[in-house]
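The values are calculated or read from the model by the stated rules, or taken from the named source; none is laboratory data. On a predicted model such as this, the values are computed, not experimentally measured, just so you know. So basically every Cβ, Gly included, is an ideal-geometry build from the backbone, and we count neighbours across all protein chains shown.
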Amino acid sequence: MDNNNQKIAIYPGSFDPITLGHLDVLKDGAKMFDKVIIAVADNPNKTGMFSVEKRKELIKASIKDLPNVEVDSFSGLTINYAKEKGATILLRGLRAVSDFEYEMQLSQNNRALSEDIKTVFLITRPEYNFISSSSVKEILNNGGDISKFVPKEVAKIIG
Ligand code: ADP
């Protein structure tokens, strides 16, 4: 069991920015675990459109009705961060078969690094299947309307 017998999950990702697809997975995860920490990966090889601080701010604005969700950021290996937080679950979302190969490899790498941490995959609702942070950035860069892709709080801040 995790800290104080709580089941803690980490939901790691770039979240550059958080989308309705991410939020859908997060909401379902929050119902399954005692605590979910949505953690922005601060990856020096992957410079985003938004700073890590901004991404956290956008997430915070989107999760006001999810009391057992915390926002954080981390660098380095996800499994080390998970251990530090007393988490035994990594939560990831799947959209289409195209996500599967990458996610399976990532999950197997993490499994090889730590037997104690398991990845749980949740499949998004079909209406969010087509949403990605990259398409949101593309739309933003071209002056389009992102309100159908991101939580309304996020659209207010960056839309
Ligand atoms: P990463 O750079 O780690 O892939 P992302 O922010 O792109 O970070 O995605 C984080 C997680 O959310 C991944 O598991 C990804 O497959 C999932 N995800 C992204 N978009 C969606 C969506 N529309 N529906 C469900 N899951 C999604």
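Identify the residue in the stretch 11-20 that is surrounded by 22 or more Cβ atoms within 10 Å (Cβ to Cβ) and within 6 Å of the ligand (Cβ to nearest atom) and, among all such residues, is farthest from S147 (Cα to Cα).
Within the stretch 11-20, the match that is farthest from S147 (Cα to Cα) is F15.
Which of (1) modelled with pLDDT of 95 or more; (2) surrounded by fewer than 20 Cβ atoms within 10 Å (Cβ to Cβ); (3) basic (K, R) does K46 not meet, given it meets every other one?
For K46, the failing item is (1).
Which residue, of P126, P151, is in contact with a helix residue (DSSP H, G or I) (Cβ under 7 Å, 6 or more places away or on another chain), under 13 Å from G21 (Cα atoms) and within 14 Å of the ligand (Cβ to nearest atom)? Spell out how you get there, then give the answer.
Working: P126 fails: in contact with a helix residue (DSSP H, G or I) (Cβ under 7 Å, 6 or more places away or on another chain).
Result of the check over P126, P151: P151.
Tell me which of these S114 doesn't satisfy, since it passes every other one: (1) touching a strand residue (DSSP E or B) at 6+ places or on another chain (Cβ under 9 Å); (2) over 19 Å from L58 (Cβ atoms); (3) free of Cβ contacts under 8 Å to residues at least 60 places away in the same chain; (4) surrounded by 12 or more Cβ atoms within 10 Å (Cβ to Cβ).
Among (1) touching a strand residue (DSSP E or B) at 6+ places or on another chain (Cβ under 9 Å); (2) over 19 Å from L58 (Cβ atoms); (3) free of Cβ contacts under 8 Å to residues at least 60 places away in the same chain; (4) surrounded by 12 or more Cβ atoms within 10 Å (Cβ to Cβ), the lone unmet condition for S114 is (1).
Residues K7, K31: which one is within 16 Å of the ligand (Cβ to nearest atom) and either on the phi < 0 side of the Ramachandran plot or within 11 Å of the chain's Cα centre (by Cα) (or both)?
On the way: K7 fails: within 16 Å of the ligand (Cβ to nearest atom).
Result: K31 is the single residue among K7, K31 that is within 16 Å of the ligand (Cβ to nearest atom) and either on the phi < 0 side of the Ramachandran plot or within 11 Å of the chain's Cα centre (by Cα) (or both).
Considering only the stretch 129-147, how many residues are of a type outside the set (G, A, S), without any contact (Cβ under 8 Å) to a residue 40 or more places away in the chain and near the ligand (Cβ under 10 Å from one of its atoms)?
Qualifying residue count for the region: 1.
Restricting attention to the stretch 81-93, does a residue exist that is under 25 Å from E138 (Cβ atoms) and touching a strand residue (DSSP E or B) at 6+ places or on another chain (Cβ under 8 Å)?
Among the residues of the stretch 81-93, at least one is under 25 Å from E138 (Cβ atoms) and touching a strand residue (DSSP E or B) at 6+ places or on another chain (Cβ under 8 Å), which makes the answer yes.
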